[in-house]
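The values are calculated or read from the model by the stated rules, or taken from the named source; none is laboratory data. Here the structure is a predicted model, which means the values were calculated and not measured. Cβ coordinates were reconstructed from backbone atoms using ideal geometry, including for glycine residues, and neighbour counts include every protein chain displayed. In case anyone asks, the SASA skips ligands and DNA or RNA and just uses the protein heavy atoms, side chains included. Shrake-Rupley method; radii C 1.70, N 1.55, O 1.52, S 1.80 Å.
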Amino acid sequence: MVHSTITMRDIATALGVSVATVSRALKDSPRISAEQREKIKAYAKEHNYFPNVLAEGLRNSSVRPSKVIGVIVPQFEHFYFSSVLSGINQEAMSRGYTMMVSESLDQFECEELICKRYQENRVCGVIVSEAKDTVRYEHFQRILDQHMPLVFYDRICTGINCDRVVVDDYQGAFNAVSYLIERGCRSIAFYGSPMTMEISKNRYNGYRDALLRNRLQPEEKFFRICDNRSDAEAITPELLSQENVPDAFFAVNDDTAIGILYTAKRMGYRVPQDISICGFTNGQRAVASDPMLTTVEQRGVRVGEEAANILISKVEGEVPMDKIERRIVRTRLVIRGTTR
């Protein structure tokens, strides 16, 4: 089943003109009267018509247009997002699809523009992890209004009822912090992303509940909004210079954890004898650090495979468009040298 979108033929039928007239009017051809052009353009806008850019580019080609999935990643540089792309690609290729990938740079405006471009190119559906500063979701709703499958992964939009694939962020964080406590840590700091993001809330709640379960109180002085290495290197010296120093850190991702590790060692602390550190990703940098990083494995490839499977199943009519899929990929704690 291919998603239904309004075409030039639909516009022509509704207005009682030829497809050629519609095409010329939408391109502002002087061969069509100004009044007729405005009437056709107004109808197209009202009914959310998007020109099929992909088809136009291939119209005179002997190559059959591919079935294309639009994918949006916040940042290419993160191992997790590249592993998700690998999973999407594997599932897509096995089922005769290809993917078109764009980077939002973690910016709402860029994400919004990419969504518009994907609609114009008539991709068969969109898989997206939303930008860090996204607080409005009209651009996502427009995709759904075009009857295109939309699947979120990792960073989900809670403002619309939509398909999603996430890891068990809460349980992953709970297990990691519980392990730190089992190894004797009592003053555990938390570095997380902005709390407007669902993954941040879930990981913080897992951290907090692990402390409470073990009769330890979360301390505000040990909580920081910090989700990258450079910020971790800038913020950590202040925590490690105060009277009561944390004996462990739980970080929202591996890059942040490695920033903490680098700073602690530079300041003369021994890891893990003085300070234990745990990240969340299990990317390549986790095994390149010294000592190697204890971390929660996110299984990005599996997340990508599940997201692509949901989308393709809807495109091909195997799953009804109005059936909302919510899948959770289990994490696991990978114990290495940064914990006692």
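Quick check: anything in the range 202-210 of a type in the set (A, V, I, L, M, F, W, C) and either in contact with a strand residue (DSSP E or B) (Cβ under 8 Å, 6 or more places away or on another chain) or not assigned by the TED database to the domain that holds V252 (or both)? The answer is no; no qualifying residue exists. Among the residues of the range 120-140, those identified as farther than 18 Å from Y97 by Cβ and in contact with a strand residue (DSSP E or B) (Cβ under 9 Å, 6 or more places away or on another chain) are S129, E130, A131, F140.
Of all the listed residues (A20, A12), the sole one being open to solvent by less than 50 Å² (accessible area, probe 1.4 Å), modelled with pLDDT under 80 and not assigned by the TED database to the domain that holds V252 is A20. The number of residues in the range 287-303 that are open to solvent by 10 Å² or more (accessible area, probe 1.4 Å) and under 18 Å from the mean Cα position of the chain (by Cα) comes to 4.
The residues on offer are K201, K221, and the sole one that is basic (K, R) and either touching a Cys at 6+ places or on another chain (Cβ under 7 Å) or under 22 Å from L240 (Cβ atoms) (or both) is K221. Please determine whether any residue of the range 138-145 is of a type outside the set (K, R), more than 26 Å from S86 (Cα to Cα) and either free of Cβ contacts under 8 Å to residues at least 40 places away in the same chain or crowded, with 18+ Cβ neighbours inside 10 Å (or both). So far as the range 138-145 goes, yes, one or more of its residues are of a type outside the set (K, R), more than 26 Å from S86 (Cα to Cα) and either free of Cβ contacts under 8 Å to residues at least 40 places away in the same chain or crowded, with 18+ Cβ neighbours inside 10 Å (or both).
Looking across the range 216-243 at every residue that is among the small types (G, A, S) and closer than 20 Å to C185 by Cβ, the one that is most open to solvent (accessible area, probe 1.4 Å) is identified as S241.
Only a single criterion out of (1) aromatic (F, W, Y); (2) open to solvent by less than 20 Å² (accessible area, probe 1.4 Å); (3) in the same structural domain as F81 (by the TED database); (4) touching a Gly at 6+ places or on another chain (Cβ under 9 Å) is not satisfied by F152, namely (4). Looking for something surrounded by fewer than 21 Cβ atoms within 10 Å (Cβ to Cβ), free of Cβ contacts under 8 Å to residues at least 40 places away in the same chain and among the aromatic types (F, W, Y) - is there at least one such residue anywhere in the range 108-126? Yes, the range 108-126 contains at least one residue that is surrounded by fewer than 21 Cβ atoms within 10 Å (Cβ to Cβ), free of Cβ contacts under 8 Å to residues at least 40 places away in the same chain and among the aromatic types (F, W, Y). Inside the range 187-212, residues that are hydrophobic (A, V, I, L, M, F, W, C) and either part of a loop (DSSP other than H, G, I, E, B) or closer than 14 Å to D133 by Cα (or both) make up a count of 3. Among the residues making up the range 244-282, a single one is open to solvent by less than 10 Å² (accessible area, probe 1.4 Å), of a type in the set (V, I, T) and over 30 Å from the mean Cα position of the chain (by Cα): I275. When we screen I275, I260 for residues that are touching a strand residue (DSSP E or B) at 6+ places or on another chain (Cβ under 9 Å), without any contact (Cβ under 8 Å) to a residue 40 or more places away in the chain and either outside the structural domain of G87 (by the TED database) or not hydrophobic (A, V, I, L, M, F, W, C) (or both), the only hit is I275. Quick one: is A308 under 30 Å from G125 (Cα atoms) and of a type in the set (G, A, S)? Criteria met by A308. All of T158, T196 fail the test of being over 24 Å from L333 (Cα atoms), open to solvent by 30 Å² or more (accessible area, probe 1.4 Å) and touching a helix residue (DSSP H, G or I) at 6+ places or on another chain (Cβ under 7 Å), apart from T158. Count of the range 304-334 residues, restricted to those that are crowded, with 18+ Cβ neighbours inside 10 Å and more than 26 Å from A286 (Cα to Cα), is 9. Taking the range 89-168 as the region of interest, the strands (runs of 3 or more DSSP E) fully inside it that hold 1 or more residues being of a type in the set (K, R) are 163-167. Within the range 32-46, can you find the residues that are outside any helix (DSSP H, G or I) and loosely packed, with under 11 Cβ neighbours inside 10 Å? Listed by number, the list holds a single entry, S33.
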